[in-house]
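Enquirer: My questions all concern the structure below.
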């Protein structure tokens, strides 16, 4: 899944682990993600958390996409900081899941994210990302 996720790989995210409903994903904050305050843009932190969500959820329920999510930011990050997002599936019910993600800089909690997932299509129907998107538009 991540091999086709150009938003994650293009932003330098690395999957450290993803199995049995848990995942860890990291990113180093580079200059392109530093906002006018000299801090890591919240969009990068959200994207990192959402990517960890996807890895954890799909390790249990392939085909899961984000149906909704909230994030609370606690501590800023700066250029050069390494952020790690640890995700855990908390609940599965049919096609739906609930996943909690903690984003840290070393031992400091940067943000807490809670995502709700839904299986969008059966794994057997998944093809290359472009082909699947084209098929859904028809």
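Since every read-out is calculated from the coordinates, none of them should be taken as a lab result. The model shown is predicted, which means the values in this text are computed figures rather than measured ones. We place every Cβ from the backbone using ideal geometry, glycine too, and count neighbours over all the protein chains shown.
Enquirer: Work out how much length residue 82 to residue 114 would gain on full extension: take 0.36 nm times their residue separation and subtract the Cα-Cα distance, in nm to one decimal.
Expert: My answer for the length gained is 9.4 nm.
Enquirer: Taking other Cβ within 10 Å of each residue's Cβ, how do 17, 47 sort, fewest first?
Expert: 17, 47
Enquirer: Quick one: go through segment 52-68 and flag any residue whose amide nitrogen is under 17 Å from the point 7 Å out along the Cα-to-Cβ line of residue 7.
Expert: Answer for this model: 52-58, 63-68.
Enquirer: Hey, another quick one. Quick one: if you stick a label point 7 Å off each Cα along the C-beta vector at residue 93 and residue 20, how many nm between them?
Expert: Computed distance between label sites residue 93 and residue 20 equals 2.5 nm.
Enquirer: On to the next question. Using the number of other C-beta atoms within 10 angstrom as an exposure proxy, rank 53, 46 with the fewest first.
Expert: 46, 53
Enquirer: At a Förster radius of 30 Å, what calculated FRET efficiency corresponds to the Cβ-Cβ distance of residue 32 and residue 107, to the nearest 0.05?
Expert: Between residue 32 and residue 107 the formula returns 0.70.
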